[in-house]
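Visitor: I'd like to ask you about the structure that follows.
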Amino acid sequence: MSSSLSFKIYGMDCAEEVAILKREVGPAVGGEDRLAFDILNARMIVRVDPGVVTADDVIKTVARTGMRGEVWVDDASDQVGGFWVRHSRTVMTSMSGLMACVGFILHADSRGIGDALGFEGSRYSHDAPTDAVVCYLRAILAGTWYVLPKGWLAVRRLRPDMNLLMTIAVAGAIGIGEWFEASMVAFLFALSLTLESWSVGRARRAVATLMDLSPTTARMILPDGGEQRLTPEQVPVDARVRVGPGERIPVDGRVAHGSSTVNQAPITGESLPVLKQIGDSVFAGTINGGGSFEVLCTRPAMDTRLAGIIRLVGEAQSKRAPSEQWVERFARVYTPVIMASAVLIFLIPPLFMGGDWNEWIYRALVLLVIG
């Protein structure tokens, strides 16, 4: 009988990383259908056959993609990672931009702004000074830190993608002496990936805030009239829960006794208090006003309206819209076509039309970046 293993995947911020993990991890565990992903929580769930695939095997396979995995623990606070894990992408992107700017300043000071920008007709022919080249190289290395492993994986799998295109473009720009352009391409691409990571991070924090809306304890009323403090997950359906003034309602249910106004903003977005009387529905995470009442639990904690919102947000992050699926299929053809076109632009004019090699290499690189 198969069992499930869960992993925290550092670096999984969008559907592109999911596709890479499917291609690399899928064959190792018996097929892509054995994988499930929660991008919002950077979580990968693998259905494995005991004794055939171990957690260490999966972690080693994930490492080949340029990402890092570790076994998932239920307490998310144990897996937030240190400073480098949480901010490495931001640090590397910032370093790339800073080094590119420093290199440009040194280049312009020594050779002139025109040469630093790559204008034609410079008497130095883009011969950048050594100190500027060192800064440019640092900018390129920092900007492509997370791109190079994915580009190499694309080469190994014979599946060209945008990481490989950008790697070739940067390498080609270096080859023809366009140091500033190479560093700026690396920086801008790293910046786009960082912004994408930030957007997912904001969604994660928003969901974490939603989860914090649900109280950690509920006061269940016992048959003898006493109270027992439980977690909302432990409250059975048809049990009664007492909610005092100013408390958050721990479960979905109906008012069974008493009345009060309730702030339903966490669910509806409307902060105007709503009067709740016997028989009216109330939702977990909403805030009781000045009165007190008893709630008859009608749903388990995992099926509350608030839990449903959190689940839908996670599913929306992990699933692709039909248009995204079409774009992925289109990219499988489009990316090789762009690469083949760049090769033809690079070779045909110099070989058969007497064109200048540097000029047509540059035009081929421009096509790669635009593509």
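The values are calculated or read from the model by the stated rules, or taken from the named source; none is laboratory data. Since we're looking at a predicted model, the values are computed, not measured. Glycine also receives a Cβ, built like all others from the backbone with ideal geometry; neighbour counts cover every protein chain displayed. Accessible surface areas use protein heavy atoms only, side chains included; no ligands, DNA or RNA. Shrake-Rupley method; radii C 1.70, N 1.55, O 1.52, S 1.80 Å.
Visitor: Once the Cα atoms of helix 148-157 and of the chain are each reduced to a long axis, what angle between those two axes, in degrees from 0 to 90 to the nearest 10, is obtained?
Guide: 80
Visitor: Additional query: Restricting to Cα pairs below 8 Å that are 6+ residues apart, what does the relative contact order work out to for the chain? Please round to a whole percent. All intermediate terms of the calculation are to be shown ahead of the outcome.
Guide: Details: 609 pairs, mean separation 48.5, N = 371.
Value for the chain: 13 percent.
Visitor: Which length gain, in nm to one decimal place, applies between Leu141 and Asp127 when the Cα-Cα distance is subtracted from 0.36 nm times their residue separation? The partial results should precede the final answer.
Guide: Details: separation 14, 0.36 × 14 = 5.04 nm, distance 2.01 nm.
Stretched out fully, the Leu141 to Asp127 stretch lengthens by 3.0 nm.
Visitor: Next question. Could you check the simple spin-label distance between Leu351 and Cys14, using points 7 Å along Cα→Cβ, in nm with one decimal?
Guide: According to this spin-label approximation, the distance is 3.4 nm.
Visitor: How many Å² of accessible area per residue for the chain, probe 1.4 Å? Mind showing how you got there, number by number?
Guide: Values: 19690 Å² over 371 residues.
Solvent-accessible surface per residue comes out at 53 Å².
Visitor: What number comes out for the charge environment of Trp179, summing +1 per Lys or Arg and -1 per Asp or Glu over other residues with Cβ under 15 Å away? Could you put the intermediate results ahead of the total?
Guide: On the way: positive: Arg111, Arg138; negative: Asp109, Asp115, Asp127, Asp131, Glu178, Glu181.
It works out to a net charge of -4.
Visitor: Just want the answer: with Cβ charges of +1 for Lys and Arg and -1 for Asp and Glu, which residue in Ala265, Gly371, Ala307 is farthest toward the dipole's positive end in the chain?
Guide: Projecting each Cα onto the dipole axis, the largest value belongs to Ala307.
Visitor: Sticking with this structure for a sec: How many nm is it between the label spots at Val237 and Ile45, if each spot is 7 Å from the Cα in line with the beta carbon?
Guide: 2.1
Visitor: Given a Förster distance of 30 Å, report the FRET efficiency between Ile59 and Asp303 from their Cβ-Cβ distance, rounded to the nearest 0.05.
Guide: Numbers: r = 33 Å, r/R0 = 1.11.
Here the calculated transfer efficiency is 0.35.
Visitor: Still on this structure, I have one more. Going Cα to Cα from Lys276, which aspartates and glutamates come in below 12 Å? Please leave out same-chain ones fewer than 8 positions away.
Guide: Cross-link targets: Glu294.
Visitor: What distance in nm separates the simple spin-label points at Ser6 and Arg23, each placed 7 Å from Cα in the Cβ direction?
Guide: So the label points at Ser6 and Arg23 sit 2.9 nm apart.
Visitor: When ranked by the protection proxy of mean other Cβ atoms within 10 Å per residue, highest first, what sequence do the peptides 131-138, 258-265 form? Provide the component values of the computation, followed by the final result.
Guide: Numbers: 131-138: 19.4, 258-265: 17.6.
Ranking the peptides 131-138, 258-265 by packing returns 131-138, 258-265.
Visitor: With every protein chain left in place and a probe of 1.4 Å, what is the accessible surface of Ile267, to the nearest 10 Å²?
Guide: 30
Visitor: What does the charge dipole of the chain about its Cα centre add up to, to the nearest 20 debye, if the Cβ of each Lys and Arg holds +1 and the Cβ of each Asp and Glu holds -1?
Guide: On the way: 36 positive and 39 negative charges, 81 e Å.
Magnitude of the dipole: close to 380 debye.
Visitor: While we're here: At a Förster radius of 22 Å, what calculated FRET efficiency corresponds to the Cβ-Cβ distance of Ile370 and Leu158, to the nearest 0.05? Please report the intermediate quantities before stating the final value.
Guide: Values: r = 23 Å, r/R0 = 1.06.
Step by step, r from the Cβ atoms, then E = 0.40.
Visitor: Determine the share of the chain's accessible area contributed by carbon and sulfur atoms, expressed in whole percent, with a 1.4 angstrom probe. Spell out each step's value before the answer.
Guide: Details: 11870 of 19690 Å².
Ligands and nucleic acids excluded, carbon and sulfur give 60 percent.
Visitor: Now, a different point. Return the ratio Rg/(2.2 N^0.38 Å) for the range 231-280, where Rg is computed over Cα atoms only. Walk me through the numbers on the way to the answer.
Guide: Numbers: Rg = 11.3 Å, N = 50, 2.2 N^0.38 = 9.7 Å.
Against the compact-globule rule of thumb, the ratio is 1.17.
Visitor: Contact order normalised by length for the range 128-215, with contacts defined as Cα pairs under 8 Å and 6 or more residues apart; what percent is it?
Guide: Numbers: 58 pairs, mean separation 26.3, N = 88.
That works out to 30 percent.
Visitor: Let me ask something additional. In a shell of Cβ-Cβ distance under 11 Å around Ala301, excluding Ala301 itself, what net charge do Lys and Arg (+1) and Asp and Glu (-1) give? Mind showing how you got there, number by number?
Guide: Working: positive: Arg299; negative: Glu233, Asp252, Asp303.
For residues surrounding Ala301, the net value is -2.
Visitor: Which entry is the computed mean projected area of the Cα convex hull in nm² for this structure: (i) 17.1; (ii) 25.5; (iii) 19.8?
Guide: (ii)
Visitor: Largest first, how would His87, His257 line up by accessible area (1.4 Å probe)? Numbers along the way, then the final one.
Guide: On the way: His87 70, His257 105 Å².
Reading off the accessible areas and sorting them downward yields His257, His87.
Visitor: Let me ask you something else. Computed over the Cα atoms, what is the radius of gyration of the range 13-61 divided by 2.2 N^0.38 Å, N being its residue count? Let's see the in-between values first.
Guide: Working: Rg = 10.4 Å, N = 49, 2.2 N^0.38 = 9.7 Å.
This ratio for the range 13-61 stands at 1.08.
Visitor: How do 247-255, 49-57, 33-41 rank on mean C-beta neighbours within 10 Å, highest first?
Guide: So the peptides 247-255, 49-57, 33-41, ranked by packing, come out 247-255, 33-41, 49-57.
Visitor: While we're on this one: Would you mind getting me the FRET efficiency between Arg254 and Ala36? Use the beta-carbon distance for r and R0 = 45 Å, nearest 0.05. Intermediate results must be reported in sequence, preceding the final value.
Guide: On the way: r = 35 Å, r/R0 = 0.77.
Efficiency for this residue pair is about 0.85.
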